[in-house]
Amino acid sequence: MPRRLLVPYKSGFPYSRPLGACYGFSKMNVAKSGYRVFSANSSAACTELAKRITERLGVELGKSVVYQESNRGPLALTPVDSETRVEIKESVRGQDIFIIQTIPRDVNTAVMELLVMAYALKTSCARNIIGVIPYFPYSKQCKMRKRGSIVCKLLASMLAKAGLTHIITMDLHQKEIQGFFTFPVDNLRASPFLLQYIQEEIPDYRNAIIVAKSPSAAKRAQSYAERLRLGLAVLHGEAQCAESDMADGRNSPPSAKSTTVHSGLELPLLMAKEKPPITVVGDVGGRIAILVDDIVDDVEDFVAAAEILKERGAYKIYVMATHGLLSAEAPRLIEESAIDEVVVTNTIPHEIQKLQCPKIKTVDVSMILAEAIRRIHNGESMAYLFRNITVDD
Amino acid sequence: MSNIKIFSGSSHQDLSQKVAEHLGLELGKVVTKKFSNKETCVEIGESVRGEDVYIIQSGCGEINDNLMELLIMISACKIASASRVTAVIPCFPYARQDKKDKYTFGFQSRAPISAKLVANMLSVSGADHIITMDLHASQIQGFFDIPVDNLYAEPAVLQWIKEHVPDWKASIIVSPDAGGTERVTSITDCLNVEFALIHKVRKKANEIDRMVLVGDVKDRVAILIDDMADTCGTICHAADKLISAGANKVYAILTHGIFSGPAISRINNACFEAIVVTNSIPQEKNVKQSTKIQVIDISMFLAEAIRRTHNGESVSYLFNHVPL
């Protein structure tokens, strides 16, 4: 739980009001407002964000039951596999339905739950089905790589077929993913919240420098550096994860050349790319280093980066990320490393990791999601939510 | 090779001719003209029934006209019973409009994703396969439901650097903006040299950007690498910045040399040793106007990709090697 609720837009936020207050309607779901909010997650930890959002909106979460049903074979004595079952317990005919889905460790089950609920709503004659998926799964598989599949594109096609008509998401790994969909995508940003955290919680942030852990994160780091008027540094080298390699690394030996007009010497093979040891481009001596990225998953890269930054003279190291997957050994590695704090938003539930590692802090982003839902339902402009966003963010 | 026909659109006849020569074929006969009301008319001059057709058209010059011509040619071949139609598009049009992120006055404007629209149009007109080079963002491959081969100019660029930059081993590769850092580091890993980057700092909303160099270029040869050169404002500022930071010489290597507007005069006034582009876009006029421009020929990449696709061989050899 964050120590206090962070309210980023302190002045001029048109509908700022304390939680739980209502403005004219009763707290009951009124058919007049014509929208319902459902959560398609089956586990309680994941519905936490949905509950916060519905509190801010002043509505109740829609009644539905999502569970995994064990599918016993006719002669089996033990369950063979678990299939997702969704039951919607109230009428949704003609309404705008928002499905809030957080993606926990078990990605494929969560995706299936979302698809099944969306299709259930479509066949129950909902008017519009809007998916609120703060962390969009499979977003790292958005390029062709070594004869693989572009899973993100496949997922986009499946969501369209299942009946979704709109998606609200947050900090997509690559903005081009918006083009994979045939329906509108609203890509909200968590950066105003994270920037406010930096300005309020890091005492001498003006002596900080924004660091990109790898060249692919340089653009995002630059947008933070620009808004905070700080310097930028980029790390590059061996301990970086291999997926930032050549996007399409398919390799085959050359087949026998069939006769063409030219013949002659074969050009020499280019040498294989050796990864150099980690280098820091930019000066971090005597400063606070703030590593900025969109996803914190496997923290080995961050730990290695923190070591190098410490060696080069950074006296404090923060890691700011939007989506904190923090899988496997992450809490232990963070606890033992040179990182001082890891700040993530609550788009992905991470209570267990927080218990294991007190260095992890949470920023609540339910406000912007609730505001997006309200504006989309009322058909209002969302431009206010993108006020301070730069082109590179 | 049998059952293959190569047609050229009107955007880059020269490149198509070179590609056909590499393959030992003649370009297919096609007549493209405009009616008096400026509508494009395409007539395929030979039979394509059952053939594997390749149409070479680059997104340059009069982009909308060339795009329309490409769509009409694809459709014409498809309804003439071609067995497979592949569009070879060295410079993909509208590739920069690939996300909804143009900000005017600080608001996210209602920008279309034109690259997705172009992808839809190509699929609808009947293309079965796309071959392109150095897409602005590799995610554009995912906009299509048909296979897309995104070739890389990187092997040709590396070969040029090794042959034409005298002390390339002590050079430093520079990215003119933070977004191109990944492209640059992929080259520095091959050459085993260091990299630097330049990032823009906006003082206020409407003030001129200040450019900050991150990294050290003193007494080194600096090589700027980017994928497109349009108005060349960014790379000229970057070159000035590098010279004032102590670089000896500045080269610029860009895959697609669009050179529109004041680009040529800016280049002539700036302090480049050489500006290298590929011939994905016709460069004869530009080379005449500026002595600093040099051209890398990519026709053999396209020819080899076409040959391998037609024979059903693997194309991935081209991702690391320069074909002859």
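The values are calculated or read from the model by the stated rules, or taken from the named source; none is laboratory data. Values in this document were obtained by computation on a predicted structure and should not be read as measured data. Every residue, glycine among them, receives a Cβ derived from its backbone with ideal geometry; neighbour counts consider all protein chains shown. For accessibility, only protein heavy atoms count, side chains too; no ligands or nucleic acids. Shrake-Rupley method; radii C 1.70, N 1.55, O 1.52, S 1.80 Å.
Some points to look at:
- Cα gyration tensor category, rounded, prolate or oblate, for the stretch B:153-251 with a/c compared to 1.5: prolate
- Among residues other than A:P331 with Cβ under 14 Å from its Cβ, the summed charge is -3 (Lys and Arg +1, Asp and Glu -1).
- Summed buried accessible surface, chains A and B, 1.4 Å probe, nearest 100 Å²: 5600 Å²
- Residues in the stretch B:40-74 that a label on B:N311 would reach, taking backbone N under 20 Å of a point 7 Å out along Cα→Cβ: B:51-55
- Å² per residue, accessible surface of the protein assembly as shown at 1.4 Å: 42 Å²
- Other protein chain Cβ atoms within 10 Å, averaged over every residue that makes up A:216-227: 5
- Taking the DSSP bridge list for the protein assembly as shown and keeping only pairs wholly inside it, about 20 percent are antiparallel.
- The alpha carbon centroids of the stretch B:255-324 and the stretch A:94-116 are separated by 46 Å.
- Heavy atoms of A:L57: accessible area, 1.4 Å probe, square angstrom to 10: 10 Å²
- Coupling constants for the stretch B:30-35 follow from the phi torsions by the Karplus curve (6.51 cos²θ - 1.76 cosθ + 1.60, θ = phi - 60°), and in residue order they are 9, 10, 10, 8, 10, 6 Hz; glycine and proline get x.
- Couplings for the stretch B:91-96, taken from phi via the Karplus curve 6.51 cos²θ - 1.76 cosθ + 1.60 with θ = phi - 60°, read 10, 6, x, 6, 5, 7 Hz in order; Gly and Pro are left as x.
- Solvent-accessible surface (1.4 angstrom probe) belonging to A:Y35, in square angstrom, nearest 10: 20 Å²
- The packing ranking, built from the mean of other Cβ atoms within 10 Å per residue, places the peptides B:288-294, B:1-7, B:228-234, A:126-132 in the order A:126-132, B:228-234, B:1-7, B:288-294, highest first.
- Sequence ranges B:54-61, A:355-362, ranked by mean other-Cβ count within 10 angstrom, highest first: B:54-61, A:355-362
- Sequence-distant residues sharing a close amide H with B:A196 (under 5 Å, placed H): B:I173, B:V174, B:S175
- Listed values for the stretch B:183-191 are Karplus-derived 3J(HN,Hα) couplings in whole Hz (6.51 cos²θ - 1.76 cosθ + 1.60, θ = phi - 60°), namely 4, 5, 5, 5, 6, 5, 5, 5, 8, and x replaces Gly and Pro.
- Prolate/oblate/rounded label for the stretch B:197-306 (Cα gyration tensor, a/c 1.5): prolate
- Take each peptide in A:90-100, A:171-181, count the other Cβ atoms within 10 Å of every residue, and average; sorted highest first, the result is A:171-181, A:90-100.
- With every protein chain in place and a 1.4 angstrom probe, the accessible-area ranking of B:V295, A:V296, largest first, reads B:V295, A:V296.
- A:E69 contributes about 60 Å² of solvent-accessible surface, heavy atoms of the protein only, 1.4 Å probe.
- Per-residue average of Cβ from other chains inside 10 Å of B:310-318: 4
- Close amide H pairs (under 5 Å, H built 1.01 Å from N) link B:I296 with B:V277, B:T278, B:N279, residues at least 5 positions away or on another chain.
- Summarising the amide proton neighbourhood of A:F38: residues at separation of 5 or more, or on other chains, whose placed amide H is nearer than 5 Å comprise A:G62, A:F98, A:I99, A:I100.
- Within 10 Å of the Cβ of each residue in A:383-390, the mean number of Cβ atoms contributed by other protein chains is 4.
- Relative to the Cα centre, the charge distribution of the protein assembly as shown, modelled as +1 at Lys and Arg Cβ and -1 at Asp and Glu Cβ, gives a dipole magnitude of about 2060 debye.
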